[in-house]
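The values are calculated or read from the model by the stated rules, or taken from the named source; none is laboratory data. Bear in mind that the values here come from a model prediction, so they are computed numbers and not experimental data. For neighbour counting, all protein chains shown are included, and Cβ atoms are generated from backbone atoms with ideal geometry for every residue, glycine included. SASA here: full protein model, heavy atoms, side chains in, ligands and nucleic acids out. Shrake-Rupley method; radii C 1.70, N 1.55, O 1.52, S 1.80 Å.
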Amino acid sequence: MWIIVNDLAGLLIAFIAGLYALPYIKLYYKLFFYLIVVFIIIYILTYVVLLFPNQKSNQWVFNLYMPIETGFLMRAAYQYFKLDKRKSLIIVGYFVFMAVFLSDIIVRGPGIFANHGYITESILLVALYLFVLNFEFNKEFISWKRSPDIWIALGIVAYFGGAAPYLSLMHYLNTNHHTLNYYLYNLVTVGLANLRYILLAVGFWLIRRNAIAKTISTQ
Amino acid sequence: MSSTEIMLSVISITLMILLLIAGIVILFFQSGKQRLKQQMDLAQNKLNYEKELRLVETEVSEQMMSQFAQELHDNIGQLLTATHIHAENQKLRHPELIEGFKPMEACLAEAIQQLRMLSRTLNNDYIGRQGLMAAIGIEVNRIKSLQRFQLHWQAPSVNPHLDKNQELMLFRIFQESMQNSLRHSQAKNVYVSAYANNGNFEIKMQDDGRGFDVENILQSPKASGLRNIAKRAKWAGMDCSIDSSPGKGCTITLKKLSTIELLP
């Protein structure tokens, strides 16, 4: 039970904050909320598949989630940069990721975590959301503390940047150092995931707060 | 590699990446802040430049008007006075022509009077010395004497509490507005009222003329007068509203709010 709470604490906070902010949010932020919903389903699936006697690993579920997560986050970034002429590069980035991911799946099989694909995903998303941060810091008349985009992008950059070294070794560790793998998973991935979702929750809270403040000031 | 070594490697690489990301984010933040500061400095410089330019523009235009007023007073005024003296001399030499000279004398006296008033209202020194309300009073009398419309002037002992520059701008707006009424409005009545209370000041100029479509007129190249009114109001730091529609006359309102009221 404690493991589930530890795994899902940040996610649930973000989910509740997202629910509160949902009436005020535009498509860009909605994509992050939908991703939370998808991840909750995937998370349940990772436990459910292990209940089947012939299933020894649930890594294929993470492989299933990887292109969905990348797709959502890149689509959100595409939405963010919709007025930028270079936005088509995001689509190119997604194709690059899919090429690496699929070659990983074909070569190693779908049951092994596609860590090359994951590293590609991490590099692309870190670069993309660093651009978002740079763009936000250059905006006029907006305090960085009140910008939901900054908090959300910070969470994504910290998660994908920080979790990449561990996740790229995850399959190796799971095979050769099972206990260490479990420890590192909880320390690095879960820790950073909680940070990512708490920052997303802050972002949702700011969206709601800014929207209410705007409504009051225009009344 | 032992488990501890792997663990330490993974954790240290993770921390290094996180530190690198933090460094990049701080760099973005600093450069963004610097860029915004530069933009603000640039905007401030532009504002100062425009302010200077506006000041020079106003000074040049006011100087030209003062010069023009001086010329009117000294040259044309002197010529008219000389003509008047000449007529007086002719009357003394030919007493039988006194009756014949009367209409010409009346016209001359009127011309001298009009010229004197016009020269005063063009001269910004006079506005500065006598104050806005006195200058408007003179202009009202001058326009009344033209008998183009009924001019109703209401300003019960108003003290506008404006600085010299604001008074000058406001007076020029008043003149522009009256010129518009004279030339274009076909109005029968023009109402001018001023009101001041607790540091607030408002002046309203209203006519019952043919009116116009404000949006259309402001977009056309003809509306330099109206644009001047808006521009001068902005320079004087006053709120200006121009309300008009075809057949419904025109109302120009200028408001200066006290600092206390401007606070949220």
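I'd like to verify a number: residues in the range A:121-137 that are open to solvent by 20 Å² or more (accessible area, probe 1.4 Å), touching a Phe, Trp or Tyr at 6+ places or on another chain (Cβ under 7 Å) and more than 9 Å from every other protein chain (Cβ to nearest Cβ), how many?
1
For the range B:147-264, please list each of the strands (runs of 3 or more DSSP E) lying entirely inside it that holds at least 2 residues being aliphatic (A, V, I, L, M). Steps first, answer last, please.
Numbers: elements: B:150-154, B:189-197, B:200-207, B:239-244, B:250-256.
So the answer is B:189-197, B:200-207, B:250-256.
Those residues that are at pLDDT below 85 and among the acidic types (Asp, Glu), I need them from the range A:138-197; list them, please.
Once the filter is applied, which keeps residues that are at pLDDT below 85 and among the acidic types (Asp, Glu), the range A:138-197 yields only A:Glu140.
Give the residues of the range A:162-179 that are farther than 18 Å from A:Ala114 by Cβ and surrounded by fewer than 18 Cβ atoms within 10 Å (Cβ to Cβ), sorted by residue number. Before the answer, list the steps.
Start the filter on the range A:162-179 by keeping residues that are farther than 18 Å from A:Ala114 by Cβ, which leaves A:162, A:176-179.
Listed by number, the residues that qualify are A:Asn176, A:His178, A:Thr179.
Is it true that B:Gly23 is open to solvent by less than 50 Å² (accessible area, probe 1.4 Å), away from chain A (no Cβ under 11 Å) and in a helix (DSSP H, G or I)?
Numbers: open to solvent by less than 50 Å² (accessible area, probe 1.4 Å): yes; away from chain A (no Cβ under 11 Å): yes; in a helix (DSSP H, G or I): yes.
Criteria met by B:Gly23.
With the checklist (1) open to solvent by 100 Å² or more (accessible area, probe 1.4 Å); (2) of a type outside the set (Lys, Arg); (3) within 14 Å of another protein chain (Cβ to nearest Cβ); (4) over 30 Å from A:Asp149 (Cβ atoms) in hand, flag the one item B:Phe68 doesn't pass.
(3)
Looking for something open to solvent by less than 40 Å² (accessible area, probe 1.4 Å), facing chain B (nearest Cβ under 10 Å), over 15 Å from the mean Cα position of the chain (by Cα) and under 28 Å from B:Ile6 (Cβ atoms) - is there at least one such residue anywhere in the range A:80-103?
no
So B:Ala223 ticks every box in (1) open to solvent by 10 Å² or more (accessible area, probe 1.4 Å); (2) out of contact with any strand residue (DSSP E or B) (no Cβ under 7 Å at 6 or more places or on another chain); (3) farther than 20 Å from B:Thr58 by Cβ but one. Which box is left unticked?
(1)
Can you confirm whether the range B:101-122 contains a residue that is out of contact with any Phe, Trp or Tyr (no Cβ under 8 Å at 6 or more places or on another chain), part of a helix (DSSP H, G or I), surrounded by 17 or more Cβ atoms within 10 Å (Cβ to Cβ) and of a type in the set (Ser, Thr, Tyr)?
yes
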